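Notes to accompany the following structure.
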């Protein structure tokens, strides 16, 4: 089968280590199932793998891709929950299992014609979602769903700021928070991305812009570049929920502001299988469809990652092998 494979790592030139090549067809072992890939989506996690961050070189070569929707040998249409872990080892939450992994970390990933995954990770694909739409959801949308509802407890009427509007997690957070009845503000660096935030239902502002009111929740995966602004935008007792730090993970923590305003900082990683199921129901009930920037083939994967690295995309980039 053909697959997009990380064969080497280079922090400054990550795409130099990406090749589309022939790989052996995977065969399922005990407790695993083969899925014929109909669609997969790109995530920054793949870029970090190519940069050598969080993925040891001895695990190469590795087929990339965390997210997949496809068909099993018996014809079942499925979405694959991307977090692989043991709920019992995490107190009922597989994202808290110390040995948890994502699809494409310890097993080969989704940017291929076939993939083998644990049977537990299979979820029935809703009929209302295409394979391309479903492939957008487990990592980025699942992460956003957990951040907003499990971790931050967003409720109708809450005010939410999303730092950045164009990426997969952030555009998902805007869409889901709006659908939940929150008033959503979103920052973006360009007029095009501000207009995109508006199209999703948010009130857009330039990066670092002053909001007309303070908010209960800030969604921030940008890190150092936005951290001070995120804290300033919170009302007393508000919280920042973060799932990443793309501009650096060591900002000034502003502890005086944190303790005086009684602010909360909450981390969030991935989503449980149950949360992905809840996400799919939530989207089906409200007729929500993820925004797809483009659909490409395996031969165009390098161009897709280049667009992601440059920030020249809106929503999700989907691959159909």
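Bear in mind these aren't lab numbers, they're just calculated from the coordinates by the rules spelled out. All values reported here derive from a predicted model rather than from experimental measurement. Virtual Cβ from ideal backbone geometry, glycine too; neighbours counted across all protein chains shown.
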Segment 56-99 and segment 108-183 have their Cα centres apart by a whole-number Å value of 15
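Can you order the peptides 63-76, 3-16 by their average number of other Cβ atoms within 10 Å per residue, highest first?
Top to bottom by mean Cβ count within 10 Å: 63-76, 3-16.
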Between [x] 32, 21, 19; [y] 29, 22, 19; [z] 47, 24, 16, the structure-derived semi-axes √(5λ) of the Cα gyration tensor in Å is [x]
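Which order do the peptides 30-36, 177-183 come out in when sorted by mean C-beta neighbours inside 10 angstrom, highest first?
Highest-to-lowest ranking by the protection proxy: 177-183, 30-36.
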So for segment 216-321, using the alpha carbon gyration tensor with a ≥ b ≥ c as root eigenvalues (a/c under 1.5 gives rounded; past that, a/b versus b/c decides prolate or oblate), I'd call it oblate
Quick note, segment 1-82: a/c under 1.5 would make it rounded; otherwise a/b > b/c is prolate and the rest oblate (a ≥ b ≥ c, C-alpha gyration tensor); here it is prolate
Rounded to the nearest 5, the percent of DSSP beta bridges in the chain running antiparallel is 55
Under the 7 Å Cα-to-Cβ spin-label approximation, residue 59 and residue 106 lie apart by a distance in nanometres of 0.9
Expected max-MSF residue from 26, 253, 61 in the GNM of the chain (alpha carbon, under 10 Å) is 253
In degrees rounded to 10, the 0-90 angle between helix 273-286 Cα long axis and the longest Cα principal axis of the chain is 70
Asserting the computed 222 nm helical MRE of the chain (DSSP H runs at least 4 long, -39500 (n - 2.57) per run, divided by residue count, to nearest 500) equals -6000 deg cm²/dmol
Nearest 10, in degrees from 0 to 90: the angle of helix 168-179 to the longest Cα principal axis of the chain is 60
Distance in nm between residue 303 and residue 247 label points, each 7 Å along Cα→Cβ, equals 3.0
Shape call for segment 141-267, from the Cα gyration tensor axes a ≥ b ≥ c (a/c under 1.5 means rounded, otherwise prolate when a/b beats b/c, else oblate), comes out rounded
Reduced to Cα centres, the span from segment 1-30 to segment 272-321 in Å works out to 20
